[in-house]
Amino acid sequence: MPLHKTRTLEKRAIKKLAAKNKIAWRDYYTGQNLLSVRIASLVFLLLNATIRVLYLVFPLSLTRAENFPEFNVTNWVFIGSGFVFYLISNVFIENYRAHKKATAIMSLYVFSFALYLILCGMYSSFISTSDPRNGIVLYLIALTVVSIMWVFEFYETLILIIASALLFTSLLIHAHTYPTEMVYNQLVSVILLGGFYLMSRYFYSFKANYYLQVNEIREKNLEIERGSEFKSQLLGTVAHDLRNPIAAVETLAMVMEMDEIDAELQENLSLIKTSCAQARSIIDELLESARNQNTEQFITVKTDLNVFLQGIIDKWQNQRGSKSLELISRVVPASVKINHDKFQRVMDNLIGNALKFSREKTRVEVIISKIDHNIIVEVKDQGIGIPKDKLPIIFEAFTKAGRPGLKGEQSTGLGLSIVKQIVEKHNGKIEVESEEGKGSTFRMVMEGV
């Protein structure tokens, strides 16, 4: 990447960070830098320890290598320094986690380790061959690792480059390099350091932009959560406050029925009472939806669905005369963890819908089965089915998929949305299969215990 483009990207990132709190960014990347130092120091330690083990296993082969005495001493120094850096890293990381703040000492420590790693690469290049140009791989690896793993400010990168150049020159002088060779080696070093600068600034811009994007996503998620919470509170408050006037209207209609009234007035009062009952049903659905969206404690108990669902079906058969309702179980016992009140609401809604859209004496089945460790509960009817275009939105709140029942029963558009909320609170999932004219099957998958 050209130098001017790299610098432009960096300036854009810095400009964004200035508006988004640069101090928080520095705290963040310092913490990441410390973690990278710990990882790199551990790898550095293990690598040199492995080389030491190989020396013990194959002593004759390695002792004949060129510059072995220098290599031997350097290996011990690398092992000791790697261990020290690893210990210091743990101390700084614990301090950072305790206070969530970066300090100048932490930054200086990260800078020192990066410079030390580059120096190790340089020196290893010198002792591996008499001419560093023929053994720059270790020097190149050190520069690449530093540019990728650690984030440095612009001035820190320049200081690192200047310090590396001075150290390289000092090693050349110490090695009594000829002037011509020194010029060639310096040229190689300048090329490597130039590449290091470009890579370092590129990864600085990349990581800064990533940090900004993560923060923006986090802020948007918080805004969505706050908006959802406000909506739920408003919904619950409005629905609750509507109860009293509706109850008053319904009571007044009942009182008026006690007097002698003509047929027309009786019809109007019946219409008022029916409307109040429908309004009360809508309010109950709104309150339930608001409660399900709250993060309040959700208590579940281990339950055998065979017993639990049979109780619900008995209630429907006895209280509502739904003789066509049948439980079919293929699992004994069918144990799951459920909230009894909430799950009963799920079943009442699904069974009520199945009966509402089925003709008289048409069978509705509640089927319990098992696949692997999951318990499957299906509510299957042979009713009018659901239009194909409405299936994708059937579980959405206030959906237009709601339709009157075969006897004119009205839909609030919230029932299946509440069902989905409750099932998901049980860490389950719900799906539907339907074909017009043949019926529908609502299938819940829940983890067995």
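Quick check on my filter: what residues within the stretch 354-394 are assigned to a loop (DSSP other than H, G, I, E, B), at negative phi and under 33 Å from the mean Cα position of the chain (by Cα)? If you could, list the steps in order and put the result at the bottom.
Keep residues of the stretch 354-394 that are assigned to a loop (DSSP other than H, G, I, E, B), which gives 357-363, 372-373, 381-387, 394.
Applying the additional criterion that residues be at negative phi yields 357-360, 362-363, 373, 381-384, 386-387, 394.
Within the stretch 354-394, H373, I394 qualify.
Take the stretch 159-186 and flag every residue that is open to solvent by 70 Å² or more (accessible area, probe 1.4 Å) and either of a type in the set (A, V, I, L, M) or outside any helix (DSSP H, G or I) (or both).
Matches in the stretch 159-186: I159, I162, L166, I173, H176, Y178, V183.
Taking only the stretch 429-449 into account, find how many residues are out of contact with any strand residue (DSSP E or B) (no Cβ under 8 Å at 6 or more places or on another chain) and of a type in the set (G, A, S).
Restricting attention to the stretch 429-449, the residues satisfying the condition of being out of contact with any strand residue (DSSP E or B) (no Cβ under 8 Å at 6 or more places or on another chain) are 435-438.
Keeping just the survivors that are of a type in the set (G, A, S) gives 437.
Going through the stretch 429-449 one residue at a time, the tally reaches 1.
Restricting attention to the stretch 188-200, does a residue exist that is over 23 Å from L119 (Cβ atoms), in a helix (DSSP H, G or I) and either basic (K, R) or open to solvent by 90 Å² or more (accessible area, probe 1.4 Å) (or both)?
Of all residues in the stretch 188-200, those over 23 Å from L119 (Cβ atoms) come to none.
No, the conditions are met nowhere in the stretch 188-200.
Listed here are the residues, each with its yes/no results for (1) touching a Ser or Thr at 6+ places or on another chain (Cβ under 8 Å); (2) touching a residue at least 60 places away in the same chain (Cβ under 8 Å); (3) farther than 21 Å from H426 by Cβ; (4) of a type in the set (G, A, S).
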residue	(1), (2), (3), (4)
K302	yes, yes, no, no
G311	no, no, no, yes
V331	yes, no, no, no
K337	yes, yes, no, no
N349	no, yes, no, no
R359	no, no, yes, no
E365	no, no, yes, no
N374	no, yes, no, no
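Which of the residues that make up the stretch 169-190 are in contact (Cβ under 8 Å) with a residue 24 or more places away in the chain and farther than 22 Å from R201 by Cα? Break it down into steps so the answer makes sense when it comes.
At the first step, the residues of the stretch 169-190 found to be in contact (Cβ under 8 Å) with a residue 24 or more places away in the chain are 171-172, 175, 181, 184-185, 188-190.
Hits for the stretch 169-190 are L171, L172, A175, E181, Y184, N185.
Cβ-Cβ under 6 Å, sequence separation 6+ or interchain: first residue in the stretch 66-79 and within 15 Å of V53 (Cα to Cα) and modelled with pLDDT of 80 or more, partner among the polar types (S, T, N, Q) and outside any loop (DSSP other than H, G, I, E, B). Which pairs?
What qualifies is N75/N48; F78/N48; I79/N48.
Is it the case that the stretch 204-221 has a residue that's within 26 Å of V151 (Cα to Cα), assigned to a helix (DSSP H, G or I) and either basic (K, R) or in contact with a Pro (Cβ under 7 Å, 6 or more places away or on another chain) (or both)? So that I can check it myself, show each step before the final result.
At the first step, the residues of the stretch 204-221 found to be within 26 Å of V151 (Cα to Cα) are 204-219.
Among the residues that remain, those that are also assigned to a helix (DSSP H, G or I) are: 204-219.
Those left that are additionally either basic (K, R) or in contact with a Pro (Cβ under 7 Å, 6 or more places away or on another chain) (or both): 207, 218.
Within the stretch 204-221, one or more residues are within 26 Å of V151 (Cα to Cα), assigned to a helix (DSSP H, G or I) and either basic (K, R) or in contact with a Pro (Cβ under 7 Å, 6 or more places away or on another chain) (or both).
Given the conditions (1) polar (S, T, N, Q); (2) touching a helix residue (DSSP H, G or I) at 6+ places or on another chain (Cβ under 8 Å); (3) surrounded by fewer than 17 Cβ atoms within 10 Å (Cβ to Cβ), which single one is not true for S205?
(3)
If I ask for residues that are of a type in the set (D, E), at pLDDT 80 or above and open to solvent by 100 Å² or more (accessible area, probe 1.4 Å), which ones from the stretch 226-266 would you list?
First, the residues of the stretch 226-266 that are of a type in the set (D, E): 229, 241, 250, 257, 259-260, 262, 264.
Pick out the ones that are also at pLDDT 80 or above and you get 262, 264.
Listed by number, the list holds a single entry, E264.
Return yes or no: is E94 modelled with pLDDT of 85 or more and among the charged types (D, E, K, R)?
Working: modelled with pLDDT of 85 or more: yes; among the charged types (D, E, K, R): yes.
When the stated conditions are applied, E94 passes them.
The values are calculated or read from the model by the stated rules, or taken from the named source; none is laboratory data. What you are looking at is a predicted structure, and each value in this text was computed from that prediction instead of being measured. Please note: Cβ atoms are built from the backbone with ideal geometry, for glycine as well, and neighbour counts cover all protein chains shown. Accessible surface areas use protein heavy atoms only, side chains included; no ligands, DNA or RNA. Shrake-Rupley method; radii C 1.70, N 1.55, O 1.52, S 1.80 Å.
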